[in-house]
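Undergrad: Okay, here's the structure, questions in a sec.
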Amino acid sequence: MAEGRLADKVVLISGGASGIGFATAVRCAQAGATVVIGDLDDEKAQAAAAAHAALHALHLDVTDEAGWDEITAEVLRRFGRLDVLVNSAGIALNADIEHETLAQFRRVMAVNVEGVFLGCRAGVRAMRSHGGSIVNMSSVSGLVGGHNLAAYNASKGAVRLLTKSVALYCARKGYGIRCNSVHPTFVDTPMLRGLFTGRSEEEVARVQGALRAQVPLGRVAQPEEIADMIVYLASDESSFVTGAEFVIDGGLTAC
């Protein structure tokens with residue numbers, strides 16, 4: 001990770017207090033950016049921001065339309081500009097089409113799809129005068145199906161095509177804003193570990209082994225491995241990249 005790749009850039013990351021979001025915040029700061037962590041968990045966000053002088057924490061509920069207007073206005077007030085938006089906030093639910101409730105489905109869609117929509121809209125409005133980069137967190141679950149991920153599959157597939165729509169719109173308007181999606185497989189994050197809550201040690205070990213067995217490289221990803229791709233998309237090195245999907249899956253979708 002070369003220093004200075006994101007020098008003078010201001011980055012806003014939703015869900016930046018943990019997991020891929022926090023790893024991205026640290027990587028962006030190491031690359032020279034000023035980074036704002038937007039998160040629903042204020043205590044965790046403040047603790048995350050304390051890890052690096054270039055990190056700043058602000059409250060953000062990604063499903064709150066007014067909240068997006070407020071956080072982008074505050075970023076502009078404090079730092080004068082916004083150059084990069086990373087829509088990293090998301091939730092996962094292990095539920096199939098027969099047993100998932102409508103309330104559960106709507107909650108996943110609210111966070112994973114509506115949150116990204118609101119983020120993209122706020123980011124475009126904040127960056128259209130000078131250009132920038134929007135990176136949306138999708139998943140391999142937005143490319144291939146899973147029998148027990150009805151809402152999650154639907155939400156991540158929606159993020160994939162929303163990204164392309166935003167990219168084409170910004171290109172047509174001449175805004176200089178690029179928009180791309182990132183599609184990881186299983187990543188060692190609190191979200192993944194949360195899917196094991198309530199299971200016995202033996203069952204957790206069995207499921208973890210099954211996950212690793214699906215990945216040709218034989219392991220789950222580390223958050224920093226996903227963050228490094230996001231830094232590339234945030235940087236000027238990717239200046240001719242938009243509307244694209246970046247798969248980071250250890251070869252899973254090549255099978």
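The values are calculated or read from the model by the stated rules, or taken from the named source; none is laboratory data. The model shown is predicted, which means the values in this text are computed figures rather than measured ones. With ideal geometry, Cβ positions are generated from the backbone for all residues, glycine too; neighbour counts draw on all protein chains shown. Heavy atoms of the whole protein, side chains included, go into the accessibility calculation; ligands, DNA and RNA do not. Shrake-Rupley method; radii C 1.70, N 1.55, O 1.52, S 1.80 Å.
Undergrad: Could you check how many residues of the stretch 215-238 are touching a Gly at 6+ places or on another chain (Cβ under 9 Å) and either more than 23 Å from F22 (Cα to Cα) or part of a loop (DSSP other than H, G, I, E, B) (or both)?
TA: Here the count works out to 6.
Undergrad: Of all residues being over 17 Å from V35 (Cα atoms) and touching a residue at least 60 places away in the same chain (Cβ under 8 Å) in the stretch 52-103, which is nearest to the chain's Cα centre (by Cα)? Just the residue, please.
TA: Top of the filtered list is G90.
Undergrad: Would you kindly identify the strands (runs of 3 or more DSSP E) lying entirely within the stretch 42-143 that contain at least 2 residues that are β-branched (V, I, T)?
TA: Answer list for the stretch 42-143: 84-87, 132-137.
Undergrad: Filter the stretch 130-147 down to residues that are more than 18 Å from V187 (Cβ to Cβ) and in contact (Cβ under 8 Å) with a residue 12 or more places away in the chain and give me whichever is nearest to the chain's Cα centre (by Cα).
TA: Among those residues, the one meeting the criterion is I134.
Undergrad: Here is a list: T101, T63, T72. Which entry is touching a Lys or Arg at 6+ places or on another chain (Cβ under 8 Å), of a type in the set (S, T, N, Q) and either open to solvent by less than 80 Å² (accessible area, probe 1.4 Å) or within 30 Å of G131 (Cβ to Cβ) (or both)?
TA: Among T101, T63, T72, only T72 is touching a Lys or Arg at 6+ places or on another chain (Cβ under 8 Å), of a type in the set (S, T, N, Q) and either open to solvent by less than 80 Å² (accessible area, probe 1.4 Å) or within 30 Å of G131 (Cβ to Cβ) (or both).
For every residue, the table says whether it meets (1) open to solvent by less than 60 Å² (accessible area, probe 1.4 Å); (2) more than 14 Å from the chain's Cα centre (by Cα); (3) among the basic types (K, R); (4) under 23 Å from V166 (Cα atoms).
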site	(1), (2), (3), (4)
R212	no, yes, yes, no
P216	no, yes, no, no
A221	yes, yes, no, no
A227	yes, no, no, yes
I230	yes, no, no, yes
S235	yes, yes, no, yes
S239	no, yes, no, yes
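Undergrad: Filter the stretch 27-50 for residues that are buried (at least 21 other Cβ atoms within 10 Å of the Cβ) and either free of Cβ contacts under 8 Å to residues at least 24 places away in the same chain or within 16 Å of the chain's Cα centre (by Cα) (or both) and give the result.
TA: Hits for the stretch 27-50 are R27, C28, V35, V36, I37, G38, D39, A45, A49.
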